[in-house]
Structures are given as C-alpha cells and as structure tokens.
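Written out below as structure tokens is the structure these notes cover.
The values are calculated or read from the model by the stated rules, or taken from the named source; none is laboratory data. Quick caveat: nothing in here was measured; it's all calculated off a predicted structure. We place every Cβ from the backbone using ideal geometry, glycine too, and count neighbours over all the protein chains shown.
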Amino acid sequence: MRKILLLSCFFLLGLVMASAQNVDTLMNEAKRLLEQNHPAEAALIFEKMVETDTQNYESLAFLGNYNYLLGKQMIDKVEADYKTISQPNRMQTASYQEELKHIYDLYYEKADRYLMKALHIRENDHLNSLVQSIQTFKKRIELTPAKLKKR
C-alpha cells in the first residue's frame, strides 16, 4: 500500500513538473513571437497557457490587452466610417450601433474576462483602466444585462 501511495505521489509530482516545464516552454515561444512582431500567433500560445494554468498572470494580462487593442482598432475604424456620413439616417445609425455591439461581443467581452481574472491575481492600474474603458463602452452602446440575454 505504501509503495502504491509513494508511486502515485511521484507520478503526480512528475506531471506537475512536466506541466511547469510546458508552461515555461510556451512562455518562451510566445515571447519570441512577440519579439518577432507576431502578436496573433503569440496570443494563440498564451491561450494554450491559460488552458494549462488558469492563474498565469502574464498570459491573462497579455490576452486582456491584446483583445482590448483589437477591439479598439475596430471601434476606431467603425467610428471613422460613421463620421464620414454627414446626416446618417436611422438605418445607418442602427447599423453603426450593431457593429459596435458586435465588436464588444468579439473582443471586449473576452478582454474583460481575461482582465478581471488577471486583476484577481494582481492589481494593476493599467489593467484597471482598460476594464473601466470597457465598462464605459458597454454603457455607451447601452449593453445592459437585459439586452445581453436577448442577444
């Protein structure tokens, strides 16, 4: 019985160490990709790391920032296009609002989730400001809990 328990402990320790090495290997690969200016590929690796280690602060913070920035770029483009319309009609305004909500669904919802997890691990003023920005955007597009359920 002792041998089985001891072997089980060694096996579990081996799994934990292999997982830690895997996370270290993935982190090095993600950082290398970032240095080579391949953030989308790095994001995929950071997502794998979060699957392996749900408390990996660096991965959560990166993914929160990354999704926030992608969303911000899309918002800037949609707003620039909308501003070119001198007197938008109701259909154009509704389409603009739907595009903003779609951007929230694609990027900001994911960014908010990653950022909140990262902030539960470690406070960070920058991450807090991104969360505040997302909350402000949510209010601006009138995305209330009742409207979220309908979508």
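Looking at segment 59-93, which of its residues are under 30 Å from Glu123 (Cα atoms), loosely packed, with under 14 Cβ neighbours inside 10 Å and either among the polar types (S, T, N, Q) or touching a residue at least 12 places away in the same chain (Cβ under 8 Å) (or both)?
So the first thing to find is which residues in segment 59-93 are under 30 Å from Glu123 (Cα atoms), and the list is 59-76.
Right, trim to loosely packed, with under 14 Cβ neighbours inside 10 Å and you get 73, 76.
Of everything in segment 59-93, just one residue is under 30 Å from Glu123 (Cα atoms), loosely packed, with under 14 Cβ neighbours inside 10 Å and either among the polar types (S, T, N, Q) or touching a residue at least 12 places away in the same chain (Cβ under 8 Å) (or both), namely Gln73.
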Has segment 133-149 got any residue that is surrounded by 12 or more Cβ atoms within 10 Å (Cβ to Cβ) and among the polar types (S, T, N, Q)? yes
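Looking at Asp125, Asp112 in this structure, which one is exposed (fewer than 11 other Cβ atoms within 10 Å of the Cβ) and modelled with pLDDT of 95 or more? So that I can check it myself, show each step before the final result.
Values: Asp112 fails: exposed (fewer than 11 other Cβ atoms within 10 Å of the Cβ).
Step by step, each of Asp125, Asp112 is checked, and only Asp125 is exposed (fewer than 11 other Cβ atoms within 10 Å of the Cβ) and modelled with pLDDT of 95 or more.
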From the list Leu70, Leu6, which one is out of contact with any strand residue (DSSP E or B) (no Cβ under 8 Å at 6 or more places or on another chain), among the aliphatic types (A, V, I, L, M) and modelled with pLDDT under 95? Leu6
Assuming Tyr104 fulfils every condition listed in (1) under 21 Å from Ser129 (Cα atoms); (2) touching a Leu at 6+ places or on another chain (Cβ under 7 Å); (3) free of Cβ contacts under 8 Å to residues at least 24 places away in the same chain apart from one, which condition is it? (3)
